[in-house]
Amino acid sequence: MNPAADARSLQRHDLGDGYIPVIDIAPYFSGRQADRLAVAEQIGQACRDVGFYIIVGHGVPEELVAAVDSNARAFFDLPLDEKMKVHAGNAAGTCGYAAMGERSFAYTRGEKSPPDLHESFQVSKLDADPGDPYFQTPIAKKLVPPNQWPDGQLQLRSVLTDYYRRMAILARDLLRLSALALDLPETWFDDKIDHHISRLSLKLYPQQKVKPLPGQLRAGAHTDYGTVTILRAGDAVGGLQVADAKGNWHDVPIVAHSFIINQGDMMARWTNHHWLSTLHRVVNPPEEAMGGNRRLSIVFFHTPNYDTLVECLPTCMGPDDSPKYQPVTVADYYALKRQQQRGAA
């Protein structure tokens, strides 16, 4: 990836209202400490002020992203009965296919809403040693369900595995930058994510040929559970929006060869809410765009080891600033969120 080309590409795209900052992280990989700290400071400010930022200069091959995109579309183009052979079922957190209208992100906030207007395919732990005892415990089996793969889609499994592994590396780098921004040793998070339980989700927002129900969106307003979410968003109309502190919604712009990053609930808890886990949603396309608004998103939800204890960081608590959250393990926090989800159903 050419950082200079990425920088030029910013000039060819509408950056919206400028609410979401664009950060070139290429200097982090240069090896110069001053450059690394400068990138970390930009990320720290974005996490304090917005909870979202866009990265360029990340080094992820565009060919890999394109391969995931084309194979994902091929899967979603299969007949429904073929996709239902790998149906995820009704239990929260399972892997596989979820059909149109089976999910509602607002439920994760304990709210009822009409079903979201997308279908999805989700996988987990594509970089784990199958013999690792860490993933054989009863807790692990609940949090890391078996993957399901459609027949005749061997390339899908191959490219998703490559992409998952590359996203895990990028998430580690972003957490190292986060550690620097939080005045911690650069590798502070490393031993808390070396057995991460992250998910990779493909989300297809089909063309909307009929008017949605009142309050129905492509994805209802929600926050994410984990540390960082790494999103490669589609460029069709009807996209991601982020809420500010006053409840105003801001469109997230599409920047060539970039990833959209947001902090999850665990980073908000770790930082004593000095860093934001921001409410976001995926809106419907305008009525004039009906019929040409199919949109694909590739989402990596990074989550630490299930036994990691998330508690207020020492650098995020001053003499007049007590912890806002009780310490909680990753596994227990997931159980809490799923209980909220069931309560809203």
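If you go through the range 294-341 one residue at a time, how many are modelled with pLDDT of 95 or more and closer than 22 Å to MET100 by Cα?
Qualifying residue count, the range 294-341: 4.
If we keep just the residues of the range 259-280 that are of a type in the set (S, T, N, Q) and under 14 Å from the mean Cα position of the chain (by Cα), which is modelled with the lowest pLDDT?
THR278
In this structure, is ARG166 under 18 Å from the mean Cα position of the chain (by Cα), under 20 Å from ASP69 (Cβ atoms) and of a type in the set (D, E, K, R)? Walk me through how you get there before you give the answer.
Values: under 18 Å from the mean Cα position of the chain (by Cα): yes; under 20 Å from ASP69 (Cβ atoms): yes; of a type in the set (D, E, K, R): yes.
So ARG166 fits the description; yes.
May I ask you to list the residues in the range 171-208 that are hydrophobic (A, V, I, L, M, F, W, C) and not in a loop (DSSP other than H, G, I, E, B)? I'd like the intermediate steps shown before the answer.
Let us first name the residues in the range 171-208 that are hydrophobic (A, V, I, L, M, F, W, C), namely 171, 174-175, 177, 179-182, 184, 188-189, 193, 197, 200, 202, 204.
Of everything in the range 171-208, those that are hydrophobic (A, V, I, L, M, F, W, C) and not in a loop (DSSP other than H, G, I, E, B) turn out to be ALA171, LEU174, LEU175, LEU177, ALA179, LEU180, ALA181, LEU200, LEU202, LEU204.
With respect to VAL255, is the statement that it is surrounded by 19 or more Cβ atoms within 10 Å (Cβ to Cβ), part of a loop (DSSP other than H, G, I, E, B), touching a strand residue (DSSP E or B) at 6+ places or on another chain (Cβ under 7 Å) and at pLDDT 85 or above true? Step through it out loud before you land on a result.
Numbers: surrounded by 19 or more Cβ atoms within 10 Å (Cβ to Cβ): yes; part of a loop (DSSP other than H, G, I, E, B): yes; touching a strand residue (DSSP E or B) at 6+ places or on another chain (Cβ under 7 Å): yes; at pLDDT 85 or above: yes.
So VAL255 passes the test.
Which ones in the range 117-143 are in a loop (DSSP other than H, G, I, E, B) and either touching a Phe, Trp or Tyr at 6+ places or on another chain (Cβ under 6 Å) or loosely packed, with under 15 Cβ neighbours inside 10 Å (or both)?
HIS118, LEU126, ASP127, ALA128, ASP129, PRO130, GLY131, ASP132, THR137
Would you confirm, using the coordinates I've provided, whether ALA168 is part of a helix (DSSP H, G or I) and over 18 Å from LEU37 (Cα atoms)?
When the stated conditions are applied, ALA168 passes them.
Where in the range 1-92 are the helices (runs of 4 or more DSSP H), entirely inside, with at least 3 residues that are surrounded by 15 or more Cβ atoms within 10 Å (Cβ to Cβ) and modelled with pLDDT of 95 or more? Even if it seems obvious, please write down each step before you answer.
Details: elements: 3-10, 33-49, 62-76, 80-83.
It comes to 33-49, 62-76.
For (1) of a type outside the set (Gly, Ala, Ser); (2) touching a Ser or Thr at 6+ places or on another chain (Cβ under 9 Å); (3) over 21 Å from ALA72 (Cβ atoms), each residue gets a yes or a no:
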{"residue": "ARG157", "(1), (2), (3)": "yes, no, no"}
{"residue": "ARG165", "(1), (2), (3)": "yes, no, no"}
{"residue": "ALA168", "(1), (2), (3)": "no, yes, no"}
{"residue": "ARG176", "(1), (2), (3)": "yes, yes, yes"}
{"residue": "LEU182", "(1), (2), (3)": "yes, yes, yes"}
{"residue": "ASP194", "(1), (2), (3)": "yes, no, yes"}
{"residue": "LYS203", "(1), (2), (3)": "yes, yes, no"}
{"residue": "GLN207", "(1), (2), (3)": "yes, no, no"}
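Checking ALA344 against (1) buried (at least 17 other Cβ atoms within 10 Å of the Cβ); (2) aliphatic (A, V, I, L, M); (3) modelled with pLDDT under 85, which single condition isn't satisfied?
Going through the list (1) buried (at least 17 other Cβ atoms within 10 Å of the Cβ); (2) aliphatic (A, V, I, L, M); (3) modelled with pLDDT under 85, ALA344 breaks only (1).
The values are calculated or read from the model by the stated rules, or taken from the named source; none is laboratory data. All figures in this text were calculated on a predicted structure; none of them were measured in a lab. Neighbour counts are summed over all protein chains in view; Cβ atoms, including those assigned to glycine, are modelled from backbone coordinates with ideal geometry.
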